[in-house]
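Accompanying notes for the structure given below.
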Amino acid sequence: MIKSPVWNDIETLWHEMDKAFTGLRFTAPVAGLVDHAFGSYPSTRLHEGPEALYVEAMVPGVAPETLNLSVVRRTLTLAGEKRPLHADTDAEPKVFHRKERSEGRFERRFTLPMEVDTDRVSAEYADGMLRVTLPKLGQDTPRQVSIQTA
Amino acid sequence: MSEHNVAVAEPPKATPAAPANGHPEHYMSPPVDIYETADGLALVADLPGVSRDNLEVSVTHNVLTIKGHGPQKLPGKARYQEFQLASVFRQFKLNNALDTDQVDAELKNGVLQLRIPKAKATVARQIEIKVA
């Protein structure tokens with residue numbers, strides 16, 4: 001089957017958008033990669049177990065109810081907003097001596113190294129860390145097909 | 001209270017001694033915001049993965065120390081990592097204009113918020129004038 005030119009265009013656009021969003025490809029070779037190489041927020045790590053992938057992101061000060069997490073096929077999207085702390089309190093800053101913490105809206109997309117069971121993805125938030133468990137799809141185990149005889 | 005008045009220096013670069021298990025432990029400096037409010041000084045530190053039980057905040061001889069142990073282990077094998085499993089350590093020198101006995105600390109969503117009130121002696125006291 002030959003792909004229509006329209007489909008090629010869509011594919012090109014998709015790749016361009018991928019680049020534009022500076023999403024991180026977990027599938028990219030990462031050997032020797034140093035911390036914060038992508039300069040993207042939030043910092044993340046990926047672990048792989050026999051049955052699931054685990055993604056953990058550092059999101060201190062981001063209220064869990066404002067986090068938005070979605071999985072479509074192999075794309076994991078994490079969005080949210082880190083609000084300045086004093087916005088919610090009465091302690092109005094008069095003079096800043098240090099301002100090292102970041103704040104603002106963020107969105108980050110990741111391409112997972114394999115297909116996951118999107119229906120069973122779960123996430124938990126504790127102490128400013130978001131941990132996402134993505135069960136693998138058991139598609140790599142060969143399925144025996146019985147051959148019917150006439 | 002001027003900026004110089006509450007200058008917050010960070011003299012010690014020395015990291016704490018290696019823990020008892022003999023493995024060299026990595027320490028990182030957590031990012032902080034420090035600002036003055038009407039009542040005193042507020043210090044906000046991002047400490048992701050540091051639970052209340054793993055955090056130690058102390059003031060000794062006007063030196064504020066924040067020390068904590070970072071993120072817990074994740075199941076499976078590491079495939080990709082953008083952050084180190086480091087402990088956090090940072091010290092600040094507080095000046096005498098602050099009342100270090102009244103430090104209020106709160107840890108929420110991985111963010112430590114300290115409020116250090118001004119010392120009583122530095123707060124302007126209104127003196128009532130009696131009319132004879």
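The values are calculated or read from the model by the stated rules, or taken from the named source; none is laboratory data. Worth saying up front: this structure is predicted, and the values here are computed from it rather than measured. Positions of Cβ are backbone-derived with ideal geometry, glycine not excepted, and every protein chain shown enters the neighbour counts.
A few remarks follow.
- In summary, residue A:100 fulfils each of the numbered conditions (1) under 18 Å from residue B:32 (Cα atoms); (2) crowded, with 16+ Cβ neighbours inside 10 Å with the single exception of condition (2).
- Filtered residues of segment B:80-132 (kept if of a type in the set (Val, Ile, Thr), touching an Asp or Glu at 6+ places or on another chain (Cβ under 8 Å) and under 30 Å from residue A:53 (Cα atoms)): B:111
- Single residue of B:51, B:58 found to be among the small types (Gly, Ala, Ser) and under 30 Å from residue A:133 (Cβ atoms): B:51
- Residues satisfying the stated conditions in segment A:99-142, i.e. at the interface with chain B (Cβ under 9 Å from one of its Cβ atoms) and among the basic types (Lys, Arg): A:99, A:101, A:131
- Condition met for residue A:86 (modelled with pLDDT under 90 and at the interface with chain B (Cβ under 9 Å from one of its Cβ atoms)): yes
- Selection of segment B:75-98 for residues being surrounded by fewer than 19 Cβ atoms within 10 Å (Cβ to Cβ), free of Cβ contacts under 8 Å to residues at least 24 places away in the same chain and assigned to a loop (DSSP other than H, G, I, E, B) yields B:75, B:76.
- Screening segment A:41-150 for strands (runs of 3 or more DSSP E) wholly inside it with 1 or more residues that are in contact with a helix residue (DSSP H, G or I) (Cβ under 8 Å, 6 or more places away or on another chain), under 24 Å from residue B:73 (Cα atoms) and in contact (Cβ under 8 Å) with a residue 60 or more places away in the chain returns the ranges A:68-72, A:104-111, A:122-126, A:129-135.
- Residue count, segment B:42-72 (criterion: out of contact with any strand residue (DSSP E or B) (no Cβ under 7 Å at 6 or more places or on another chain) and either facing another protein chain (nearest Cβ under 8 Å) or over 18 Å from residue B:102 (Cβ atoms) (or both)): 3
- Pick from segment A:103-123, criterion of a type in the set (Lys, Arg) and exposed (fewer than 15 other Cβ atoms within 10 Å of the Cβ), ranking: farthest from residue A:78 (Cα to Cα): A:120
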